[in-house]
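Some notes on the structure that comes next.
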Amino acid sequence: MSTRATCAMYPGSFDPITHGHQDIIARAAQLFEQLIVAVVTNPNKKPTLPVAKRIELIEASVAHLPNVSVKPFDGLTIEFAKASGAQVLVRGLRAVSDFEYEFKMSQMNKSLDGTIETIFMMAGLEYQFLSSSVVKEVARYGGSIEKAVTPEVADALKAHYAMAGTLP
Ligand code: ADP
């Protein structure tokens with residue numbers, strides 16, 4: 001049986017998608033025939049944007065990449081990867097901050113299913129300090145996030161915080 005990977009999965013909460021995520025998606029889409037962006041529907045983190053909105057924003061961001069699809073999932077990432085036929089999990093690594101958590105998760109996933117490999121892509125230099133939570137923090141207080149996210153994402157966050165006041 002061939003072990004060459006043709007399908008990869010990029011899982012995350014994408015709450016919301018940032019240019020850092022988009023950079024990883026575009027680069028991973030060049031490496032694999034198919035890339036599935038898998039959006040956690042119900043993480044313990046209590047998402048700011050509902051899953052349907054997060055998916056809509058990702059779909060708009062990847063519309064120019066024909067081999068990228070976006071799917072919601074719940075439960076174990078590794079199970080969803082297996083069920084979707086993905087042989088590889090892609091994760092992004094920012095300097096220092098992500099390493100320990102990502103290392104733990106990849107070891108856990110490896111022990112759950114040794115046939116699915118996790119690969120890490122270094123965050124682009126300009127995205128090293130970009131995170132969904134920082135973007136939300138700035139948006140919540142009316143700051144400019146246009147350099148970090150698409151106009152559609154900026155609008156969605158503005159609408160959210162206009163409705164929710166200072167709720168998370
Ligand atoms: P999770 O809740 O699973 O951490 P995120 O949506 O925060 O989901 O992130 C998904 C993946 O994207 C993670 O591997 C994370 O390290 C990576 N990531 C987040 N922000 C960036 C960025 N600015 N540049 C590159 N990768 C990033």
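The values are calculated or read from the model by the stated rules, or taken from the named source; none is laboratory data. Here the structure is a predicted model, which is why all the values come from computation and not from measurement. With ideal geometry, Cβ positions are generated from the backbone for all residues, glycine too; neighbour counts draw on all protein chains shown.
If I ask for residues that are more than 10 Å from the ligand (Cβ to nearest atom), assigned to a loop (DSSP other than H, G, I, E, B) and among the acidic types (Asp, Glu), which ones from the stretch 70-127 would you list?
Of everything in the stretch 70-127, those that are more than 10 Å from the ligand (Cβ to nearest atom), assigned to a loop (DSSP other than H, G, I, E, B) and among the acidic types (Asp, Glu) turn out to be 74, 113.
So in the stretch 1-57, with the set limited to residues that are more than 18 Å from residue 123 (Cα to Cα) and assigned to a helix (DSSP H, G or I), which one is nearest to the ligand (Cβ to nearest atom)?
If we take residues in the stretch 1-57 being more than 18 Å from residue 123 (Cα to Cα) and assigned to a helix (DSSP H, G or I), then 54 is nearest to the ligand (Cβ to nearest atom).
Can you pull out every residue in the stretch 113-146 that is in contact with an Asp or Glu (Cβ under 8 Å, 6 or more places away or on another chain) and of a type in the set (A, V, I, L, M)?
The answer is 123, and nothing else.
Taking only the stretch 83-99 into account, find how many residues are more than 18 Å from the chain's Cα centre (by Cα) and modelled with pLDDT of 95 or more.
2
From the set of residues in the stretch 134-150 that are exposed (fewer than 12 other Cβ atoms within 10 Å of the Cβ) and of a type outside the set (D, E, K, R), which is farthest from the ligand (Cβ to nearest atom)?
142
From 25, 55, 78, which residue is in contact with a Phe, Trp or Tyr (Cβ under 7 Å, 6 or more places away or on another chain) and either within 15 Å of residue 119 (Cα to Cα) or crowded, with 19+ Cβ neighbours inside 10 Å (or both)?
From the options 25, 55, 78, the qualifying one is 25.
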